[in-house]
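One structure is given here, and the rest of the page talks about it.
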Amino acid sequence: MVMVLAVMGLTVQSCEENPPVTPPVVDTKTSVDLNFSALWNGQPLTFLTGWFEQPSTQKEYVQFFNFGMIVSKLRLVKEDGTEVMLGDGYQWIDFKKQRTKFNYEVPAGKYKAVRFTLGLDSAVNHGDPNQWGAEHPLNGNLTGMHWGWAGGYIFQAIDGNYKDSLTDKYTKGMSFHAATDAMVRNFEVPVGGSMGAAMFEVKDKVSTPVQFNYHINRFYQGIELKKGSVSHSEGVKEMALMQKLLDNLSAYSAFEIPAP
C-alpha cells in the first residue's frame, strides 16, 4: 500500500511539473493585409520633423502635420477581371496617426489591381453622417473629416508648412482639402506598375501582405506653392488648383503596388 501511494504521489507530482501544452491558435482566415505608405521621393513621409524639397522654378520645401484620406468602393481586381469588394468598400487612412494597415477576408486566387474612389458618391457625401457607427470610416467624429451638412466630407486633407529658398527663415502655411462632388476621382492601380504585368496570389487560410504606396511628391508636380498654397476646393482659383493637384495623381502615377 505504501508503494502504491508513493507511485501515485510521483504521478501527481509529475503531472504538476509538466502541465499539458495548449496548442497555438491558428488563424485560418483567407485574407489580405493592405498596408498604405506615404512616401516622398521613395522615403517615408514624416510629420513636423525636417523638410522635403519640392522642385519648382525656385526650390521650395514642405513640411507636414496632417495627412488623411477617405476612399470608397475599395476593391481588388482578380486575374479574370472580376472584382472583390474589401469590407463595405469605405476606408479612412490617416498617415500621421498610423492608421494605415487593414485586414480583409477575400477569396483565394490571383489579383492584378486595386480599384477605389477617392471621395464618395453624392448621396453618401451629402447624407446623414450620424447613420454610421462610432468606429466606421465615415463617422465624422472619428475622422474629423466632415464639414457639416452643407459641405459634406473632406476626401483628402493635407496640412503643413512651406518655405522657399529665397526666404528660408519665413515659414508659411499650406493646406489642401479635396472636397465637393467635383473633386471625386476614380483610380485603378495595377500590381507592378503601369505595365500591369504582375499579380499577387492569395492562398487559402493565409493572410497575404499587399503594399500600397502613395508617392505624395507627385501630387505636387508642377506646383509653385508661393503662387498658391491653399485650396479647400471652393472658389474659381482654389478649385482650379485642386483639380490640377488631383489630376497629377493619375498623370504621374502617384499610387503604386509593387510586384511581390
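Structure values in brief
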read-out	value
Residues of type aspartates and glutamates that Lys96 reaches as a straight line, Cα spacing below 12 Å, ignoring anything fewer than 8 places off in the same chain	Asp159
Distant-in-sequence amide H partners of Ser207 (H built 1.01 Å from N, under 5 Å)	Ser31
Residues of type aspartates and glutamates that Lys205 reaches as a straight line, Cα spacing below 15 Å, ignoring anything fewer than 8 places off in the same chain	Asp27, Asp33, Glu105
Cα gyration tensor shape for segment 118-260, rounded if a/c is under 1.5, else prolate or oblate	oblate
Principal semi-axes in Å for segment 181-260 [√(5λ), Cα gyration tensor, largest first]	33, 13, 10
Label-point gap, in nm, between Thr167 and Val84 - each point 7 angstrom along Cα→Cβ	5.2
Residue (of Met174, Met242, Thr208) at the positive-pole extreme of segment 152-257, dipole from beta-carbon charges	Met174
Computed accessible area, Arg218, all protein chains, 1.4 angstrom probe, square angstrom	70
Per-residue SASA entry for Lys29, accessible area with 1.4 Å probe, Å² rounded to 10	80
Inter-centroid distance (Cα atoms) of segment 179-194 relative to segment 113-132, Å	14
Entries in Lys78/Lys237; Lys73/Lys172; Lys73/Lys244; Lys112/Lys226; Lys73/Lys203; Lys59/Lys244 that, when Cα-Cα distance is taken, lie over 31 Å	Lys78/Lys237; Lys73/Lys172; Lys112/Lys226
Separation of alpha-carbon centers, segment 46-101 and segment 220-260, rounded to whole Å	13
Rounded if a/c under 1.5, otherwise prolate or oblate - segment 56-145, Cα gyration tensor axes	oblate
Accessible surface of Val184 - all protein chains present, 1.4 Å probe, nearest 10 Å²	40
Full-extension gain in nm, Asn103 to Tyr252, via 0.36 nm per residue minus C-alpha separation	50.8 nm
Karplus 3J(HN,Hα) series, Hz, for segment 109-115 with 6.51 cos²θ - 1.76 cosθ + 1.60 (x for Gly, Pro)	x, 9, 10, 10, 6, 10, 10
Neighbourhood charge, 12 Å Cβ-Cβ cut-off, centred on Ala198 and excluding it, Lys, Arg +1 and Asp, Glu -1	-1
Three-way shape label, segment 69-201, alpha-carbon gyration tensor, a/c 1.5	oblate
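The values are calculated or read from the model by the stated rules, or taken from the named source; none is laboratory data. What you are looking at is a predicted structure, and each value in this text was computed from that prediction instead of being measured. As a convention, Cβ positions derive from the backbone with ideal geometry for all residues, glycine included, and neighbour counts pool all protein chains shown. Just so you know, the surface numbers come from the protein's heavy atoms only, side chains and all, with ligands and any DNA or RNA stripped out. Shrake-Rupley method; radii C 1.70, N 1.55, O 1.52, S 1.80 Å.
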